[in-house]
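One structure is given here, and the rest of the page talks about it.
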Amino acid sequence: MPQTDNQTAAAPGAGEGYNFAYLDEQTKRMIRRCILKAVAVPGYQVPFGGREMPLPYGWGTGGMQVTASIIGLDDTLKVIDQGADDTTNAVNIRRFFARTAQVGTTEVTEEASIIQTRHRVPEDPMTEDQILVYQVPQPEPLRTLEPREIECRKMHAYKEYGLMQVSLYEDIARFGEIATSYSYPVMVNERYLMSPTPIPKFDNPKMDDFPALQLFGAGREKRIYAIPPYTKVKSLDFDDHPFRVQQWEEDCALCGAEETFLDEVILDDSGGKMYVCSDSHFCGRRRAEGHVGQLPDTAAAAYAAAVGAQEAPDGDAAQAQGEGET
Amino acid sequence: MNDTSPLLRVHNLSHAFGSLLACADISFELHSGEVLGVVGESGSGKTTLLNCLSARLMPTNGIVEYDLRDRGLTDIYALSEPERRFLLRTDWGVVMQNPRDGLRMNVSAGGNVGERLMAVGARHYGEIRSAAEDWLAKVEMDLGRIDDAPKHFSGGMQQRLQIARNLVTKPRLIFMDEPTGGLDVSVQARLLDLLRGLVRELKLSAIIVTHDLAVARLLADRLMVMKDGRVVETGLTDQVLDDPHHPYTQLLVSSVLQV
Amino acid sequence: MYVAVKGGEQAILNSHKLVAEERRGDAAVPELTLNQIKEQMQLAVDRVMTEGSLYDRDLAALAIKQAQGDLVEAIFLLRAYRTTLTRFGETQPIDTAQMAVRRRVSAAYKDLPGGQILGPSYDYTHRLLDFALAAEEGVGEPEAAVADEAVDDSIPRVTDILNHEGLIEEELAFGDDGPVADLTREPMAFPAERDMRLQNLARGDEGFLLALGYSTQRGFGRNHPFAGEIRLGEVAVEFVPEELGFPIEIGEVTVTECQMINQFAGSAERPPQFTRGYGLAFGHCERKTMAMALVDRALRARELDESIEYPAQDEEFVLYHSDNVEASGFVQHLKLPHYVDFQSELQLIRSLRRRHDEDHREAAE
């Protein structure tokens, strides 16, 4: 049994007359059937009878339904939003499952059996024993080019993706490069064009040949899709304008990491800024291991102190930071 | 008139909208390198016929067969929808009367020409772009406009771009619906010259629908005259226009040529 | 700013406490009871039941109280509750011809079997603020006089009357009597059939349907409607338990029904005749059912071979955007942090600007 966060597991309100993980078993079965279909046809969007969830549409209802359908008592759940465990929406969804499913939760990537995410793939590698569940606001990668659902489904069915390539051509003609920095479209298993959800294109290469099962749930649009482990995922590009990820000249100011996705933090109103890892667990672990970044000045030091102070009373964060010592 | 197998064979084609019969009992053959003009006044069923021939409107009756490169004469409506759509953007071209229907108005000229190449798998930006430049040059467009969207182009330029966009995959058969409609006379003349040159140079086969007999005389080898959905006269262009037999053709020719 | 986003669990709990405090308002004012909402804000309750797809006045009243009167939020609360309920089965279709009618008007006929029954309606009130309602002592117990003659037990529907002459299409115009779709259990599929469209419209946002229905009247998809009939009243709900094999009455619901009658020029197969647009809602939701009937008719353009040119006729446009729970959630999800995406855009725009500057410098040289 992996180490779990007992504080949230014992949260008040557990049970409350709702079924385990909120959804009734019939619904979960239906969703699991859709997930199986999605795994069998990688990248294909399977329509499913999405239910109303007690969180608003657009806030992760699709990911929550997928998580609710696959989660069991033995599971340990990690929830991240923008790479961080302690953003309000991540906290809220983690609370929801701690309350309705009484499962253990964690902030440690390697301890989680299920990670539900919005907008990031964790920096730490994942394994075959884990499942990554993405929250999907808009599953249809062709939607910005073709608003009609019927036509989009035909384009997928007939593998007519020339129009998508035209939009990349237009970017290069206009800007000299492909000007898509997130939701960067990918081909899955050389067959279906797929939206990787609004993760930064920085994370796209991680999806390729990924050991963990990747599941995608779009609640409002009522679609589920999947990438089975070790599937080929290719970001669209041109032979002479190959796909490239973002790079920073700076390193993480807190932990000194050189190859992570960095958030820009504004330090003052005169343009002062620094960069820190967007993956809060990854960054915290490195700091606990003794890695130190180049804090630019006293303002940044104050920021670091504030983050530490902010997180101290919060069991999750304190645990994450102290994890390296245990 | 030709021993070899035809490129397109049409047998007893009819199409009705509800109780309205738009075209009826049309049969003909088109051979490789031949340009067929379909003339008649508006409402005679020309455009419906063209839509049926170009796999965009399933006829109520009759058969349209095309000589596919890999399997010979094939009923195009027996093909699956993706096969038809593939044919339409590879071995065929369709030049619409209104460029808005045939172009992506918000995509650059280069992107418009390159789309067909990308649709069949081209993934080298430099090569796509140089192919687009070649074709824009062939239709006598200013290469400086390659990154501009056609919504800013004149009508004549839009029409030339539409032609380039269709020819980039080297199709064997082009369908054109009033290709010079709505253009000024001088612009029309230049476009017709261009079209005639391209058809000869590329040995294109084409079916051109027009109400303008001058266009027909300049471009078409053969003519089909339509009235009320039926073909009333066919023959070599010069023969039909200089010595019309059917009273309707006579009327059509005299009313135009008097002007 | 960044720190605020990391407020985490404590901030959420504090926010809930603030909501509870605001909801209660001034403690010197007596707290609202659910009965007060149920009995004195019936039309709000009706709308919440209709768009919440759950006929339960008590729960709707609770939702309204909990949502501080924000009806879209209340609808959301009711929907989220409804989705967890066990299904016992499906009732028989309700028969509105057997309705205990409280209001029934037809704009198509001056008089007709069963008569015009004005019933409770704001239609002929003057919209003057009634300061008597503001009086501390209240309005007392107003009472409407009882008519001398009872209303007929069964009042034929105007569309049935027209149907005798064959002047209007059949209720199921295309003979479709297969199983009825349920989009709370299965996703929408396109092209959508009428059962699915009607269910979507019944759950759809009143404001959205009102605007769309209005747009058809102003010429964006004109279909020449007549309010054939609007009726309000109670209908019995019947259910066939498996062990009995025959229907038993399990209760009654209040519904509003609107049947629009629209012109139709006829097609190759069909003679000119009137066509129908249909609206139905729980409780008294007259504006909603009329708008729904207009939009239902507009969405039938495809099956009636009419050209589809305007938003109200476009089923993907209408059906995908009618649900206020979906719309409200997605519009407001923009409040969630997007700083990973924004960071990616920052990177991109800096890079594009650099390239732009270089190009210009080269051009200048």
Q: Quick one: in the stretch A:52-110, of everything that is in a helix (DSSP H, G or I) and among the basic types (Lys, Arg), which residue is modelled with the highest pLDDT?
A: A:Arg94
Q.
Being touching a Leu at 6+ places or on another chain (Cβ under 7 Å), closer than 22 Å to C:Tyr339 by Cβ and not aliphatic (A, V, I, L, M) narrows it down to one residue among A:Ser181, A:Ser167; which is it?
A. A:Ser181
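Residue-wise test of (1) more than 26 Å from C:Val240 (Cβ to Cβ); (2) surrounded by 16 or more Cβ atoms within 10 Å (Cβ to Cβ); (3) within 14 Å of another protein chain (Cβ to nearest Cβ).
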| site | (1), (2), (3) |
| --- | --- |
| C:Ala67 | yes, yes, yes |
| C:Ala74 | yes, yes, yes |
| C:Leu77 | yes, yes, yes |
| C:Leu85 | no, no, yes |
| C:Phe88 | no, no, yes |
| C:Val105 | yes, yes, no |
| C:Ala108 | yes, yes, no |
| C:Pro113 | yes, no, no |
Q) For the stretch A:184-215, which residues satisfy the criterion of being among the aliphatic types (A, V, I, L, M), part of a loop (DSSP other than H, G, I, E, B) and closer than 17 Å to A:Ala38 by Cα? A) A:Ala212
Q) Scanning the stretch B:15-54 for residues that are more than 19 Å from B:Pro179 (Cα to Cα) and free of Cβ contacts under 8 Å to residues at least 60 places away in the same chain, which turns out surrounded by the most Cβ atoms within 10 Å (Cβ to Cβ)? A) B:His15
Q: Evaluate the following for B:Ala78: is it farther than 19 Å from A:Leu236 by Cα, in contact (Cβ under 8 Å) with a residue 12 or more places away in the chain and either more than 8 Å from chain A (Cβ to nearest Cβ) or out of contact with any Leu (no Cβ under 8 Å at 6 or more places or on another chain) (or both)?
A: no
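The rows are residues; the columns are (1) within 28 Å of C:Leu336 (Cβ to Cβ); (2) at pLDDT 95 or above.
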{"residue": "A:Thr127", "(1), (2)": "no, yes"}
{"residue": "A:Tyr134", "(1), (2)": "yes, yes"}
{"residue": "A:Pro147", "(1), (2)": "yes, no"}
{"residue": "A:Ala157", "(1), (2)": "no, yes"}
Q: Specify the residue that is farthest from the other protein chains (Cβ to nearest Cβ); the eligible residues are those in the stretch B:55-64 that are surrounded by fewer than 17 Cβ atoms within 10 Å (Cβ to Cβ) and assigned to a strand (DSSP E or B).
A: B:Ile63
Q. Considering the stretch A:1-23 alone, what residues qualify as being surrounded by 19 or more Cβ atoms within 10 Å (Cβ to Cβ) and at pLDDT 70 or above?
A. A:Ala21, A:Tyr22, A:Leu23
Q: Test each condition in (1) outside any helix (DSSP H, G or I); (2) surrounded by fewer than 19 Cβ atoms within 10 Å (Cβ to Cβ) for A:Arg174 and report the one that comes out false.
A: (1)
Q: Could you tell me whether any residue of the stretch C:20-31 is more than 14 Å from chain A (Cβ to nearest Cβ), closer than 24 Å to A:Thr88 by Cβ, of a type in the set (A, V, I, L, M, F, W, C) and assigned to a helix (DSSP H, G or I)?
A: yes
Q) Considering only residues of the stretch A:228-256 that are modelled with pLDDT under 95 and among the small types (Gly, Ala, Ser), which is surrounded by the most Cβ atoms within 10 Å (Cβ to Cβ)? A) A:Ala253
**Q.** Lone qualifier among C:Gln263, C:Gln199 - being polar (S, T, N, Q) and touching a residue at least 40 places away in the same chain (Cβ under 8 Å)
**A.** C:Gln263
Q. Got a sec? Which helices (runs of 4 or more DSSP H) wholly within the stretch C:270-365 have at least 2 residues that are of a type in the set (Asp, Glu) and within 12 Å of chain A (Cβ to nearest Cβ)?
A. C:315-321, C:339-364
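The values are calculated or read from the model by the stated rules, or taken from the named source; none is laboratory data. Since this is a predicted model, take the numbers as computed values, not measurements. We place every Cβ from the backbone using ideal geometry, glycine too, and count neighbours over all the protein chains shown.
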